[in-house]
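Structure first, then comments.
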Amino acid sequence: MERTELEWLIHLIKCHDAELAELKKFSMYYEGKQPLSYMAPELQAELQETVRQVVINWPRLVVDSVEERLDVEGFRYPAEPESDEELWRIWQANDLDGQSQQGHLEALLMGRAYVFTGSRKDDADTPLVTVESALDVYGDHDPQTRELRAVVKRWQEGDVEHAALRLLNANSWWMKEKGQWIPNPDRERDDHNIGSTLVEVLANRPRLKCQNGVSDLADVIPISDAACKSATDMMVSEEYHATPRRVAFGFGEEDFVDANGRKVSAFSRIIGRMWATEKDRKNDGADVIQFPEASLSNFHETIKQLATLVASLAGLPPHFLGYATDNPASADAIRSAETRLVKRSERKQRGFGDTWERVMRNVLRVRDGNWDADARALETIWRDASTPTIAQKADAAVKLFTAKVVPLRQTREDMGYSQAQINRMEEQDREAAQDAMARILAGDLAALDIGPKAPPEPAPKPDELALD
C-alpha cells in the first residue's frame, strides 16, 4: 500500500528520532564532551567538584586520521585524459572543497551524511549542492534498488519545527502547528517528476543489510571510556601522591575544623597540607604517621595498553598515539606502519567516490533536464592517500615517464599537483613551444642551442707543447 506524503513524513521522523540519541552520543565523543564512565557513584559524590574528568580524545584522532587523507581533486570521463572543467566549476561554485570534507567527517563519525542537489533561481547553469548532517536528515532506501525513495530534513526556526520532504517525483515543505504537521503555506510544493529524490548518502562502511553505514567510533568508544577513567584515576592518585596519606592517633572530630571553627569534610582532612593542634604525644597520645609515596606506573602501563588496542582496531601507527621506542623508526618503518591506515583510506575513497559520482549525475540532470548516459562512467579523482616524500614521488613519476609507461600529464598527477596547477603547466609548455618555433623560423638557432656547431679545435701534439 502506497503511503501518503503525511504518512511518509511521520514515518521518517519516527525512524529519525529512534537514532538521534546514538548520533548525538557520537558527536559528544568527537567533541570530547562525553560523561565519565566506570566511576562509582559514591566516589563521584565524595569528590564532587574537586576532580574533573581527564579526556583523552582518541575518537577525534581516529576520525581525523582518515578524514585528512580524503581530498577530491576532480572528476573525469573515461574517454578524456583530464578532469572535466565544467563539473569542477560547479564543485567550486558550491564550496564543495570544504563541504566535502565536512561530509566525510560526518560520515566517519555518525556512519553517514547526505548530499542534496537542487536548482538555483538565479543561476540555471549552476545547480545547488549541499551536504547535510545525519542529525538533521533521514532517508528510506528502496529494498529493490537501494536508492533513497523518501528523505526528510528537519530544522527549527524559533519555536516552530519545520521539515522538508523529498519523494521520487515531488518535494514538499511542512511545519508543526499545535502538535500536528501541516503543509507550509509559505512554500509551494515542487512536482518535478524526475523519478529521483536527488539525494545521495555518503555512507561509511555500508553493508548489504545496513545501507546507512556505521560509525568508526563504535569499536573505539569503550576503550576511550576506559582510558579517560584511568587518566582521571591517575590524577586523583597523583593528589594523594603529592600529599601522601597520613594517619592521626589521639584526635577527635573537634580537631578537624576550618578557620571559622566549622567542621571540614573527610576529603579535606586527607589532602590538608598542614595540621595544627594543641595535643601532644606525651600527654594526649596524639601522633601522626605518613605512608610512603606510591608509584603511578600502573596507570601509565594501563593507558599504554589501551592505546595499543585503539591502534590495532583503528589501523593507526603507534606513533600516532604518542608511543615510540627509544630508537627512532626509519622513514621506511614509519611508512610501513601506515599501511593499514592508507588501505583503509583508499577503501573510503572508493565508497565515497561512488557517491560523489552519483551527485555529479544528479547535477547534470538538474542542469540539462535529462540523464547523461556518459556520466554513468564518471571517475572521481582523489589525492594520494599515502604519505610518500616528495623525492620518492618525483623519482617514481620520472622513471615511469622516462620508460614511456605514462604520459606527462599523468606524471604530474602522480606528483600530486592539482588540476589547476597542471593546466597552468601545460599552458606554459605551449607558450615555450610556440616561442621555440618562432625562434626557429627567425633563424635564431644559436639562442636555442641547436643547429650546426663549429668543430672543436684539435688537441696540441706532444712536440708542440712548450717545455719549461
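Derivation of every value follows stated rules applied to the coordinates shown; laboratory data play no part. Every value quoted in this text rests on a predicted model; they were computed, and no experiment measured them. For neighbour counting, all protein chains shown are included, and Cβ atoms are generated from backbone atoms with ideal geometry for every residue, glycine included.
A few points about this structure:
- This model, with +1 at the C-beta of Lys and Arg and -1 at the C-beta of Asp and Glu, gives region 5-203 a dipole about its Cα centre of some 660 debye.
- Global form of region 122-202, assessed from the alpha-carbon gyration tensor, a/c cut-off 1.5: prolate
- Sequence ranges 426-439, 356-369, 2-15, 100-113, ranked by mean other-Cβ count within 10 angstrom, highest first: 100-113, 356-369, 2-15, 426-439
- Counted by neighbouring Cβ atoms within 10 Å, the residues Lys209, Lys25 run from fewest to most as Lys209, Lys25.
- Rounded, prolate or oblate (a/c below 1.5 giving rounded, otherwise prolate when a/b exceeds b/c) for region 5-203 by Cα gyration tensor: oblate
- Each of Asp384, Asp95 was scored by other Cβ atoms within 10 Å of its Cβ. Arranged with the fewest first, they read Asp95, Asp384.
- Cα shape, region 177-231, gyration tensor, a/c 1.5 rule: oblate
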